[in-house]
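These notes are about the structure you will find just below.
Quick note: the coordinates plus some simple rules give every number you see, no bench work behind them. Here the structure is a predicted model, which is why all the values come from computation and not from measurement. Using ideal geometry, Cβ is built from the backbone for each residue, glycine included, and neighbour counts are taken over all protein chains shown.
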Amino acid sequence: MANSYEKPDFWSRKAFSEGYPARSVYKLQEIDQRFGMIKKNGTVLDLGAAPGSWTTFLLRNLGEGGKVVSCDL
């Protein structure tokens, strides 16, 4: 999925190269680094999940026993 900006910035290019659809993933990554909210094998409800960067990040970081439920219109 391509970014809608004419010239994607550094974060958009980085996200795309790492397999994330949007750069917003780095906001969640920073929050998790500061507060440790994502626990291995945890369960997370992702509301308003489009375009899916946060869901992808969660799936990569929760571990084998983790669960993610994503919902969006």
Just for the Cα atoms in segment 10-71, what are the lengths along the principal axes, largest first, rounded to whole Å? 32, 25, 19
Near LYS7, which lysines are there with a Cα under 26 Å away, not counting those fewer than 8 places off in the same chain? LYS27
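When Lys and Arg each count +1 and Asp and Glu each count -1, what net charge do the other residues less than 15 Å away from LEU45, Cβ to Cβ, add up to? Mind dumping the intermediate values first?
Working: positive: LYS39, LYS67; negative: ASP46, ASP72.
Value of the local net charge: 0.
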Taking θ = phi - 60°, what integer Hz values does the Karplus form 6.51 cos²θ - 1.76 cosθ + 1.60 yield along segment 59-73, in sequence order, with x for Gly and Pro? 4, 6, 10, 7, x, 4, x, x, 9, 10, 10, 10, 9, 8, 5
Quick calc: nm separation of the 7 Å Cα→Cβ label points for LYS7 and LEU45 -> 4.3
5 Å is the cut-off here: which amide hydrogens, built 1.01 Å from N in the peptide plane, fall below it relative to VAL68, excluding neighbours closer than 5 in sequence? VAL44
